[in-house]
Every structure is written in structure tokens, then in C-alpha cells.
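Taking it in order: structure first as C-alpha cells, then the write-up.
Derivation of every value follows stated rules applied to the coordinates shown; laboratory data play no part. Please read these numbers as outputs of a predicted model, since none were measured by experiment. Counting neighbours? That spans all protein chains shown, and the Cβs are built from the backbone with ideal geometry, glycine included.
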Amino acid sequence: MTPRRTIDVSRLPTYAFGHHALTWWATWSMILMEGTMLVILLISYFFLRTAVPEWPPAHTLPPNLFWGTLNTAIILASVFPNQLAKKAAESLDVKGVRLWMIVTLLFGVAFAVVRIFEFKNLNCHWQQNAYGSIVWFNMGFHTAHVLTDMVDTVVLIVLMFVGPIEGPRFVDVSENSIYWNFVVVIWLLIYSVIYLAPRFL
Amino acid sequence: MTPETATKTDDALHRELEKTWGDKPGIWGSLTSVNHKTIGKRFIVTAFCFFVFAGILAVLMRIQLARPENHFIGADLYNQIFTMHGTTMMFLFAVPIMEAIAVFLVPLIVGTRSIAFPRLNAFGYWIFLFGGIMIFVAFILNVGPDAGWFAYVPLAGPQYAPGKRVDFWAQLITFTEVSALVVATELITTIFKLRAPGMSLNRIPVYVWSILVMAFMVFFAMPTIALASTSLILDRLVSTHFFNPAEGGDPILWQHLFWFFGHPEVYIIFIPATGFVSAIIPTFVRRPIFGYTALVLSLISTAFIGFGLWVHHMFAAGLPKMGQSFFTAATLMIVIPSGVQIFCWIATIWSGRPIFKTPFLFSLGFFFVFIMGGLTGVMLASWPLDLQLHDTYFVVAHFHYVLIGGAVFPLFGALHYWFPKFTGHMLSESLGKVTFWLMFIGFNLAFFPMHILGLIGMPRRVYTFQAMNGWAGLNLLATIGGVVLTLGVLVFIINFFINRKRGELAAENPWGASTLEWATSSPPPSYNFLHIPTVAGRDTLWVQPEDQPVVVGIRSDVRQVLITKMLDAEPEHIDQFPEPTIWPLLAALSATGLFIGSIFNPWAVVWGSIPVTVSLIAWFWPKGRKAEERPPKEVQQNLGEQKLNAQEEAA
């Protein structure tokens, strides 16, 4: 038997960042499906709005601006440490990753705490009417995303301290940052709809 | 592969790969398996069992309707039965089995060792299984859903459907949607990143295109139903008012949300089925498929248009006429890509030399039945006519022609076609032909009369009718047809059990087909291919030169997989895939606890999330991975410098 012609791939790297990585595809799959869900949720909001003469319904104030706006500022600020964590991961800088992930996490914690006050100042309840239901659904949807990404971040931080520190972990950190950015973007949409649209639209 | 393994004999390599990729022995091994073929086979068998259960329910309904004023089944049970039949067929059979077959086949067809995210794949199977068990246990305990498979509010709302029946329906949706979404993620990633070198995107078989399109449709359709069923269960359990018109809610919102999912769902089922046909026809007429590009573009445009049709399910809901006319036009438009596909297949057959084996017969049966269903679809697309026929047996006839013709016939073709690859044995050809003719004749006997029944006014979902309606004869005929159809399925099951272990041994490529899954043994070894193949063109095995190179340098002592570029499939990097583990099963179990618990107490969502989180973290924890450690600098250099072009090498 003649020896087979071969392509030797043994020198290829064992991980890669960005759209080369499989986890990138999983992250964006998640973003696609969750994003679709959000779009449909916001469409439902406006669909229900067209069905009633007043929005918010009579004797109901829109959610208080203060806490929501404060939280918008916090989550926008978190983009910076988040990007720095992503950059540190992509240059395989363990210390930078540790530092900036922790800072991002602290922003997340602050956001979650302010979220409690947001819930208290929504000026509606889900059992009151469809307006209250859809406002709470939007807020719940976003809070669930914040919490899951924070758990993810905690796990990665712990791994970055206890090891083993491998290439794929840095890819995970990079993907986690992309997902946090998604959580930020969907908040901007939800904030505009829940807080601003009843006032200005 | 370490350098010395380059000189290993094939036999030694086989042993080492088997040790690396094989499932662990015993029951523990089957619970922890992450092999896409183990999971895929399990998935197919489970979904087929649900097909049989839902089929039995259909037979029960046909017995009830065989004669007027029959007392075989009461109204309440009948409601549960038709709801369970539709729900099971759509959510536990049709979509899952299409995904299940893809889970088994796609990694083989694209020439890789595993599906992407194998643990997620195991999770997707378990969560599907548990959801199915839940709904059938509920049904047996007389809390089966009874508001129809599309659970229209207010009938399905808290006011008119008290009790837990519809809650189980809404949670079943959560189970199947999670399963469908994770499997779609795996399939897209596998198709885009795990293809064998040289299999550029314009060389992947049409079947793989169909799976890719289906997976993207799942991404955009499933979240909508997730949102809808969550809103419904919130209305029912914590008194929200999404669909309650008394408090500003709107039942029409449910219809929009449901059908924005529900219509694409039909194409999620139909598109992979067309993929089966596109795989079977070239093999049995001995020539490449006609109009590859046209077929692929048809699939993609079908998917796009498929999202713009949902309102044609709501023509009776009193929407603005302008809107209805728009959706009539959109619905008529989808005939174009379907027509293009059919003409491409006809052209392929016309210019080939057909061999009338069972899989090919099922493809021909598909043409006949599906085109009939398409014709009534064109009729129903016109909203004035739809208003007349809405909720009659004409609609029942139409969608069974579309779904059984468009999906079940190709599916049976596919099961006969890939059976040797699944099991290593051949099915009996004569029993296969008996199956086909029984199913074909039985199907038309059962469903053709329903067109007429609908036209003369028989509404769907009635548990009985009176003799003076004049519907008795046609209903009896339909019941006889249903029995014949059932016999056909029974012959298939007998054929399966006879030949599963004792059938004639299958060679690598018993049909002389052109795709890569036929380039490895039947059934394939745990690692799929001894050497990752390279691809020189479309219809790979037909155009491949004798000395087509293979890939070496992938380690065989750890689960290494070659990752290639999305468009050109040039080797890009090597990833290491996870070992078998119990955690996906435990994660699925704890998620099941959360979903079922939430039906009885909303706080279950909070407490239930703790075991779910714990099991997901344990699953993710990188324990015992034998990753190849490389200095970061070298890695970066490699990323920049390494450029291997398999295509050039092959040329």
C-alpha cells in the first residue's frame, strides 16, 4: 500500500478567540434567541398599549425616573471594566482579567441592589392590569439576565484564581464580556420603553 | 496525535481512538454518554415512541368517529385526546425527530468526530424526555391538557380552564423549547465550524443546508412561544392580565404570538424533510442533484417567507381586510420556492436512472401527498374561502396532507435510507415496500374524505355527530383508512425489530451514496472517522480521487477535534471536547423539578434555581481535562502564521 497523502495539523493552536471559537457561536446563539424574545416582548408591550385608551391606565404614574436612570448610568459605566476584562483575556493577562472581572462584578452587584429600589418605584403591580403585567415581565426578564451573567462571572473569577489556567478559560472570559454587553444593550431598550415611552411617546 | 502516532498502524489507532471516544461501560456509561450517535439514536427512538403514542390517540379518535352518536369516548376525554395528539405530534415528535436525526447524521456528513457542545446535546435529550414523560403522566392521571394544541385564550385562560391541565401544556412547551434551542445551537456550530477541510460552504450537501436553515428558524420561532407560554402560565398562576380583556389584556395577542411561532414551526418540520428528499433522490437516480444553488436559495427564502404568513391562521379573528389581503399574498408567495424545489427534484429524477427502493418510493409518495396538501393550502390562503372552511375538517385534511405528506413520508424514507448507518443492518426491502403501500393507501383513504366532510360542514374537534348530518359514510371510510395507515406503521416496527440485530449486514456504503457519512463503517465507530477526511468537491464520494489526502496530527489520546474556517473550511485550530459526565442528566433533572414545581408553587422558580445553578456549575467546572499546555506566545504566533489550505493541497 502506498502511503496516503496527508495534511498535518498538529501545529495548529489549541484555542482561538472571537468568531473562530466555538463558544463565540454559542454566545451569539444565546444572544439571538434572547434578543428575539426581547423584541417580541417589546412588541407585546406596544400591542397591549394600542388596546387601551390610556397608557399607563388612569391613576397610574409611570415608573419613577430616578432609580431607573441611576441604574442606567451604573450599567453603562460597567461597560468600561467589562471591555478591559475582555482585552485582558485576549492578551492572556491573568492579573488584568482578575482585576477587571471583579470590578465588573461590583458594578453588577451595585446594579442589582439599585434594582430592588427600581422594583419598589414601578408604581404598578402585575396583578393590577395588563400594563402592570407587561412592565413587571420586562423587568423580570432583564433581572434574570443580570443574575445569570453575574453567576457566570463569579464562576470565571474563581476559576481564574484557583486554576488550572488554560487557554479556553480566557476565551470564556471574552465570551462572558460579550454577553454582559448584550445585557447592557437590552437594558437600554427596556429602559427606553418602560421609563421613557410612557412619558414622551 | 503525537508525532510517533503518525506511524501507528490503523489497528492501533483504532484501539486508541475507541478508548478515547467510547462511552463508559454499563448503565453508568449510558447515563453519562455525550456521544452524538448514542444520544441521536436515543433521541430518534424516543421521538418515534411519542409518534406511536400520538398515533394510538388518533386511532382512538377515529374509532369514536366511526359511527354517529358513538359512546366509545366521552366529550371530556375526547378533548384531552385531540389536544394530546396535536401537542405530542408537534412538540414531542415532529420537531424533535428532525433534530434527532440531524444530531446523529450531521457530524458524520460534515466529516468530524463529534457534534459541537456534546454535553449540551445530552442535556437537550434528557430535558425533552422528561417533558414528554411529564405530559403523559399528567394525561394518564386525567390532568391532560384539553384546550387544543394551540391553547387559545380565553378557553385556556384561568377563567375557563381552571385546574392544572393547561399548566402542564404550558410547561411542556418550556421543556421542548429549551431542547430545540440547545440542539439548534449545536447544529449551527457544527455546520459552520467542524466541517472537514475542503468542504467549503458551497459544497455542503443540501440536507446539511436544510438543517442549517431549520436551526436558524428555531432561533427566531421558539423564543416567541416561550414568551407566549410563560405569559399564559403567569396569567394562570400569579394573576397577571396579559390575555384578560377586562383588565386591558388582549386574547388576540395570544393568537399573534402563537402563530408567529406556529407557522414557522411547520417549516421547521418541513425543511429538514425536504433535506431528506434531496439526500435520497440523487442516490437512487445515480446522479448529482439538479439545481443545487436554486435548491439552497429556495430553502432560505422559504424560511424567510415562512415568518410572514402567521396571520393566515387568524383570518377568522376579524383583523383589518388590508392586512388579511397582505397575508393572502404572502401565503401564495411561498408556493414559489416550494415549486422550485419540486421542479429541481423532478429534473433530477428525469435525467437519472431511478432504482425503486423503499426510500425512493417514500420520496415519490411525498411528491404526490405534499403537492395535494399544497394545493389545498393555496385554496386556504385566500381569506374569503378560509372564512368558510375555518375550523372544518377541510383544514384537518389540508394540514395532514402537508405534515404527513411533507414530513412523515420523507421521514420514513429517511429511516429506511439511514437504517444501515444507524444499526449496521439492512431493513427488509419487501417489508419496506409493504409499509409504503399500506401507509400511502391508508393515508389517502383516511384523509381524502375529510376534504369533503369539511366542505359539507363537519366542524373539527367534535367528539360525535348525528346520523342525520350525512357524515357517517365518509367518517367510516376515514376510520378504515386510519387502520390501514396504522398497519403500515406496524409493519415498519416489525421490520425494525426483525432486522435491528439479525438483518443482513450493511457495508460501508450499501446504496452507493455520495455523502461522507457513507465513508465510514456501518454503524460508525465512536470516533466516526479513523482519519478526518478532506473534501474535493460536492457529492464527495463520487468525485473523490483515489489518493485524496487525509488529516493527521490530531491527537488520539484526548478528544481533539479539528475546527475549520466558516466559509472555506480551511483548518483553523484544534479544540478539545469534554469527557462523558453525569451533570447534564442532573441539570435536566433539577430543571424538571423547577418547571414542574412552578406549576404548583411560584416560589419553586426561586428555590429550584439553586440545584439548577449548582449542577450547571459542576458541569462547567474544568475537572480532569488533559489540555495540552502551550506557552501563550507560541499560541499567538500560530494564530497569525499558520495558513493551511486544504483545497490547494487537494488540487
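Things to note:
- The residue among B:F326, B:I480, B:S210 whose Cα reaches farthest toward the positive pole of the charge dipole of the protein assembly as shown, with charges on the beta-carbon of Lys, Arg, Asp and Glu, is B:I480.
- Whole-number D in µm²/s for segment B:75-222 (Stokes-Einstein; Kirkwood sum over Cα pairs; 25 °C, 0.890 mPa s): 148 µm²/s
- Separation of alpha-carbon centers, segment B:62-140 and segment A:127-201, rounded to whole Å: 33 Å
- Assigned charges on the beta-carbon of Lys, Arg, Asp, Glu; the protein assembly as shown dipole about Cα centre (debye): 700 debye
- Chain B, helix-only ellipticity at 222 nm - DSSP H runs n ≥ 4, -39,500 (n - 2.57), divided by all residues, nearest 500: -21000 deg cm²/dmol
- Segment B:150-214 and segment A:1-44: distance between their alpha carbon centers, rounded to Å: 19 Å
- Close amide H pairs (under 5 Å, H built 1.01 Å from N) link B:H425 with B:A506, residues at least 5 positions away or on another chain.
- Sequence-separation-based contact order of chain A, relative, with Cα cut under 8 Å and 6+ spacing, percent: 33 percent
- Residues in segment A:159-175 carry Karplus couplings, in order, of 4, 5, 8, 8, x, x, 8, 10, x, x, 5, 5, 4, 4, 4, 4, 5 Hz; the curve used is 6.51 cos²θ - 1.76 cosθ + 1.60 with θ = phi - 60°, and Gly or Pro positions show x.
- Note on chain A: dipole from Cβ charges, positive end direction compared against A:L84, A:G140, A:T14; the farthest Cα belongs to A:T14.
- P(r) for chain B, from all Cα pairs and a bin width of 20 Å, is 18, 52, 27, 3, 0 %, short bins first.
- Measuring against 19 Å, Cα to Cα, the residue pairs B:K37/B:K433; B:K19/B:K501; B:K41/B:K421; B:K37/B:K421; A:K86/B:K565 contain B:K37/B:K433; B:K19/B:K501; A:K86/B:K565 as the ones spanning a longer distance.
- Amide H contacts under 5 Å for B:I563, placed H, 5+ residues apart: B:E572, B:H573, B:I574, B:D575
- Largest mean-square fluctuation among A:P53, A:P62, A:P168, in a Gaussian network model of chain A whose springs join Cα atoms under 10 Å apart, belongs to A:P53.
- Spin-label zone in segment B:71-87 - amide nitrogen under 14 Å from a point set 7 Å from the Cα of B:T464 along the C-beta vector: B:71-79
- Mean projected area in nm² (Cα convex hull; one quarter of hull surface) for segment A:1-158: 14.8 nm²
- In segment B:433-482, the convex hull through the Cα atoms has an average projected area of 3.5 nm², a quarter of its surface area.
- If R0 equals 22 Å, the separation of the Cβ atoms of B:A604 and A:L147 corresponds to a calculated FRET efficiency of about 0.85.
- Relative contact order (%) - chain B, alpha-carbon pairs under 8 angstrom, separation at least six: 20 percent
- Dipole magnitude (debye, nearest 20) for segment B:7-143, charges at Cβ of Lys, Arg, Asp, Glu: 220 debye
- In Å, descending, principal axis extents of the Cα set of segment B:190-248: 61, 16, 14
- Spatial offset of segment B:592-619 relative to segment B:527-555 amounts to 45 Å, using the alpha carbon center of each.
- For segment B:488-635, the extents of the C-alpha atoms along the principal axes are 63, 63, 29 Å, listed from largest to smallest.
- Nearest-ten-degree value, helix B:583-600 long axis tilted from longest Cα axis of chain B: 20 degrees
- Calculated from backbone phi, Karplus (6.51, -1.76, 1.60) coupling profile of segment B:190-195 in Hz, x at Gly/Pro: 4, 5, 7, 10, 10, 6
- Note on segment A:68-161: with charges restricted to the Cβ of Lys and Arg (+1) and Asp and Glu (-1), its dipole about the Cα centre is near 140 debye.
- Legend: mean number of C-beta atoms from other chains within 10 angstrom of residue C-beta atoms, peptide A:27-35, equals 5.
- Note on the protein assembly as shown: semi-axes of the ellipsoid equivalent to its C-alpha gyration tensor, largest first and rounded to whole Å, are 41, 39, 23.
- A cut-off of 5 Å between modelled amide H atoms, ignoring neighbours fewer than 5 places along the same chain, links A:I7 with B:V550, B:V551, B:V552.
- GNM remark for chain A: springs join alpha carbons under 10 Å apart, and the peak mean-square fluctuation among A:S44, A:S174, A:S78 falls on A:S44.
- The share of C-alpha pairs in segment A:99-201 whose separation exceeds 20 Å stands at 47 percent.
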